[in-house]
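Only one structure is covered here, and it is reproduced in the block below.
The values are calculated or read from the model by the stated rules, or taken from the named source; none is laboratory data. This structure is a prediction, so every number in the text was calculated from the model and none was measured. Note that each Cβ is placed from the backbone with ideal geometry, even for glycine, and that neighbours are counted across all protein chains shown.
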Amino acid sequence: MSHDEALFHVWLESVRDFAIFMVAPDGAVSSWNVGAERILGYREDEILGQSYSLIFTPEDQADGVPAQEMQEARTAEHGWDDRWLVRKDGSRFWASGLLTPVWAEDGTLRSFVKVLRDNTERKLLEDELRRRAEELMEADRRKNEFLAMLSHELRNPLAPILNSLYVLRQSGGDDPVVVQSRSMIERQVAHLKQLVDDLIDVARVTSGKVQLRKERMKLGDVVSRAVEDVAPKVAERQHTLTTEAAPVPLWLEADPTRLEQVFTNLLSNAAKYTEPGGQIRLNIRRVNDEAEVRVRDNGIGIDPALLPRIFDLFTQADHSLDRTQGGLGIGLTLTRTLIEMHGGTIVAVSAGLGQGSEFVVRLPLASEAASGEAPGGGGAPAGNVPRPRRVLIVDDNVDAARSLSVLLRRAGHETQAAHDGQAAIEAVEAFRPDVILLDIGLPGMDGYDVAHSLKGRTSAFLAAVSGYAPKEDDREAVFDRYLVKPVDPDAILGLLAESGDEAAR
Ligand code: ADP
């Protein structure tokens, strides 16, 4: 042994943090350092000459891992290997190790060197972190499921309430107490409906269940509609809303309903989070290939600490602040997701509390090639007094069916209700409806089953009314129309008028 080799040997012997030992080609341990004794528990004189498979778990021994490891070390570049090993006292530890062959000058295998260290603590920590991450994901999944279910359950009672309110409004009555209470209920129910709609929407949009219905459209039109939507709120809080539009129309390939929702959200936030008498400015311009919309207010502003999280679900500024304007903290999440689905971006800017806020939306412009007026348009439903229709209402919620029935009768239509699929089919024979409003979620035979068995038996206009969005392929296949609950009474009356027109054709 040279002097250097001897020194190296001394050093090797003294390394405590690593187990370093040699294994003969037949697997017998041929040297053993202090670190190996410390980590594995065997003294050198106990283990020399023994098979190194001793330190493997019985499972790995049975699987032939020690021999495999030697074979791999011999034939290939062998990387670090992490596995459970067993100490002399039987306890296990997580070892990170490396087995390397040592070749003699004539190319024969002299022995292997094994280097390993105890990484149990890190391994346990990693396992714990992974377990917690999985738990969090599971909790998040259950929360999303709960939200989706909660929002649907909340929506069910809303339909009959909305219908009955509509009837109450139609039936006049001018006792000021009644009028006042009625309009209070109307406002509160409208608010409730908005919250529920947002909840349902955010669950569907963020889980990717929503598809955009894109068309060629002018950005200005959508923004104008959003401005109209929020006009009452802006007036109520005595804000001034000024709009500055681009000199030429900006065309987008986008879903107009969803974009209207985006700008309505931003404008109504501006109105909400600005003290009465504030200034809201809306600015539309073209920046290269994008349309830019800025919504700025001089309101309460946003704390710089909140700014990076402002688009996250359920993020809201300090809850102790005045919550009379409050929502659920989902509007901005929805807004950003919808914008991103359009290939756009949104950023929030605020110099801090009390300094106002600005939201900057960028959306890609439609390609120039197809510029020009959008096709279609026209075809607005005629405003004449509708023909009376015979309407079959199929809904297992008796209140919902009854209230809708009252509403339609007052508008001059004839109605009949059925509360399950079988009754519906019988009623079709007996009542011969022009229009069938069919709830999908019926007990037993569901709306789809009913629709299928009615095929060919009636020429009635068949509208699905459901708490759930349609399965894409079913939508047009079995129904003439698909309405999502709670359906606006005006939408149903409009549909009846339309179905009359169709029948007249
Ligand atoms: P919500 O309005 O229902 O709370 P949003 O997701 O629309 O939910 O907004 C999240 C939070 O962002 C709000 O609670 C509010 O604290 C803050 N915020 C949104 N818009 C503005 C604004 N224009 N000015 C100041 N704060 C805002």
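List of remarks:
- Answer residue from the stretch 270-321, given it is of a type in the set (S, T, N, Q) and more than 28 Å from the chain's Cα centre (by Cα) and is surrounded by the fewest Cβ atoms within 10 Å (Cβ to Cβ) among those: N288
- Subset tally (residues that are within 15 Å of D17 (Cβ to Cβ) and surrounded by fewer than 21 Cβ atoms within 10 Å (Cβ to Cβ)) for the stretch 29-44: 3
- If you go through the stretch 83-105 and keep only what is loosely packed, with under 12 Cβ neighbours inside 10 Å, under 17 Å from I47 (Cβ atoms) and not polar (S, T, N, Q), you end up with D89, G90.
- Any hit, the stretch 2-18, residues being surrounded by 15 or more Cβ atoms within 10 Å (Cβ to Cβ), in contact (Cβ under 8 Å) with a residue 12 or more places away in the chain and closer than 26 Å to E126 by Cα: yes
- Those residues of the stretch 288-314 which are without any contact (Cβ under 8 Å) to a residue 24 or more places away in the chain, of a type outside the set (A, V, I, L, M, F, W, C) and farther than 26 Å from M217 by Cα, in sequence order: P308, R309, D312
- Condition check for A271 on (1) without any contact (Cβ under 8 Å) to a residue 40 or more places away in the chain; (2) within 10 Å of the ligand (Cβ to nearest atom): one failure, at (1).
- As a summary of the residue check, A67 satisfies the conditions (1) more than 45 Å from the chain's Cα centre (by Cα); (2) in a helix (DSSP H, G or I); (3) crowded, with 18+ Cβ neighbours inside 10 Å except for the one numbered (3).
So that you can scan it fast, the table gives a plain yes or no per residue for (1) closer than 30 Å to T206 by Cβ; (2) modelled with pLDDT of 90 or more; (3) not acidic (D, E):
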site	(1), (2), (3)
L40	no, yes, yes
Q71	no, no, yes
G79	no, no, yes
F93	no, yes, yes
K114	no, yes, yes
E121	no, yes, no
